[in-house]
1. What is the residue count in region 253-276 for residues that are touching a residue at least 60 places away in the same chain (Cβ under 8 Å), touching a helix residue (DSSP H, G or I) at 6+ places or on another chain (Cβ under 6 Å) and within 16 Å of ligand 2 (Cβ to nearest atom)?
2. Tally up the residues in region 118-152 that are more than 15 Å from P106 (Cβ to Cβ) and either free of Cβ contacts under 8 Å to residues at least 40 places away in the same chain or assigned to a loop (DSSP other than H, G, I, E, B) (or both), please.
3. Picking from A95, A163, which residue would you name as being of a type in the set (G, A, S) and surrounded by 16 or more Cβ atoms within 10 Å (Cβ to Cβ)?
4. Looking only at region 316-333, which residues are more than 16 Å from F393 (Cα to Cα) and in contact with a Ser or Thr (Cβ under 7 Å, 6 or more places away or on another chain)?
5. Counting only residues that are touching a Phe, Trp or Tyr at 6+ places or on another chain (Cβ under 9 Å) and either surrounded by 15 or more Cβ atoms within 10 Å (Cβ to Cβ) or not in a loop (DSSP other than H, G, I, E, B) (or both), how many does region 20-71 have?
6. May I ask you to list pairs of residues, at least six apart or on different chains, whose Cβ atoms are under 7 Å apart, with the first in region 175-196 being more than 20 Å from L290 (Cβ to Cβ) and the second being β-branched (V, I, T) and within 16 Å of ligand 2 (Cβ to nearest atom)?
7. Is it true that F304 is surrounded by 24 or more Cβ atoms within 10 Å (Cβ to Cβ), part of a strand (DSSP E or B), in the same structural domain as G210 (by TED's automatic domain parsing) and of a type in the set (F, W, Y)?
Amino acid sequence: MLSYDEAIKLVLDNTSPLPAIEKPLDEAGGLVLAEPIVARWDMPPTDNSAMDGFAFAFNSWAPDKPLLVVGRSYAGHPLKESVTTGSAVRIMTGAPLPDGCDTVVPLEDVEENDDAIRLQKGCKPLQHVRFAAEEFQQGDLLLQAGTCLHAGEIGLLAAAGFARVPVHPAPRVAILSTGDELVELGQQPGPGQIVNSNLHLLSARLREAGAEVIPLGIALDDEADLDQRLRAGLQADLLLTSGGVSVGDKDQVQDAFGRHGFEKIFWKVAIKPGKPVLFGKIGSQPVFGLPGNPASTAATCELFTIPALRRLAGHKDPLPPRLKVHLTEPVKGGAKRQSFLWGSLKSETGGYQFTPSNRQGSGQNRSLQGACALLPVAAGSPDLETGEEVEVFLMRLPQGPGVY
Ligand code: AMP
Ligand code: MG
């Protein structure tokens, strides 16, 4: 049976970034740039003042010598005339520095008398001046392809005049839930029925990770119903099912995929939970059959589907981020398969502490309550002790001061 490392490699080798599209800048947050961005102009466009104050030529100033104020330069209303030796200009932050000036003193360091100013402190040439193109110059590489756009990058692109940007689109992920026992959220489960909770778990997580989710409803464990609902997902960028991929009498998802031209890449990985995970392609579309038990669905989504989603979205490193943490409890080793334990994180001075969930049962949604991370424990690993440093796959940082 494949190891996790072998299986995730196959997933990433078989998934490529979606073709670039152009998006209005304000709709590009969280998306990944598909092309490098090169500055079309200089920023700032001219030398300008970094303070509210007075501008003049440094070499026209001497201690105790008053300067005559001959004009004003405001942001958006530059002074057009040049300033002669011995004169100064009242200037506000962001206003272009008039010709003839190279130095700014702040208002609070100046004594004003009629039309003359005297400096109360010394000054240095070029002080409080922001120079043309000091932030970036026309032709500079501003952002590389593969950069994920967050507020800082959006602000930079706006300053540089990019109203539209080339990005990889948010992948559309179609989710089909399978099982005769399932009812939709909002319906009262009858005898033997349960709510289709996996759809909501998967949707929430995939949206957090940048997907646009297309729910395909619940397919009965029935050939015709499975086929019809699967067909509706074939246009998505990634197709995902939950349930019906194990070896039970009613597990028909793999056969249903097969009727739609599925090329199987792997079925079953030596991990716990999530062993029966199925992966392949229909044409170029990556397709996952995730096992139905909620904690298995969630683990396989985290371990395989989110990296595939991030690859489609163009992220340079699609694998889960890793974080070194300390265990608050011992963890039993010696398992036959590599196991992944859900757990919570707490921020402590000197790092984070990881507490494994006390319900690791794959059938339970409660294993995931408060879970921020997955701890991989290698097959045959020795027992791990309280306080030991381990590396977890990070889903998110825990809530706490400064984290929201
Ligand atoms: P299966 O893989 O179809 O045999 O399902 C394994 C277990 O997961 C069974 O107990 C199912 O009832 C449960 N299950 C399957 N699909 C879902 C779902 N969408 N929501 C909640 N539980 C599910
Ligand atoms: Mg089932």
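The values are calculated or read from the model by the stated rules, or taken from the named source; none is laboratory data. Treat the numbers as computed from the prediction; the structure is a model and nothing was measured. Ideal geometry is used to build each Cβ from the backbone, glycine not excepted, and the neighbour counts take in all protein chains shown.
1. Going through region 253-276 one residue at a time, the tally reaches 2.
2. Of the residues in region 118-152, 17 are more than 15 Å from P106 (Cβ to Cβ) and either free of Cβ contacts under 8 Å to residues at least 40 places away in the same chain or assigned to a loop (DSSP other than H, G, I, E, B) (or both).
3. Of the residues listed, the single one that is of a type in the set (G, A, S) and surrounded by 16 or more Cβ atoms within 10 Å (Cβ to Cβ) is A95.
4. T328, E329, P330, G333
5. Total meeting the criteria: 10.
6. Final answer for the pair search is P189/V183; P189/V195; Q193/V183.
7. Spelling it out, it is not the case that F304 is surrounded by 24 or more Cβ atoms within 10 Å (Cβ to Cβ), part of a strand (DSSP E or B), in the same structural domain as G210 (by TED's automatic domain parsing) and of a type in the set (F, W, Y).
A quick yes/no check of all residues on (1) among the small types (G, A, S); (2) closer than 22 Å to L312 by Cβ; (3) away from ligand 1 (no atom under 12 Å from the Cβ):
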residue	(1), (2), (3)
S203	yes, yes, no
D225	no, no, yes
D251	no, no, no
F257	no, yes, yes
H260	no, yes, yes
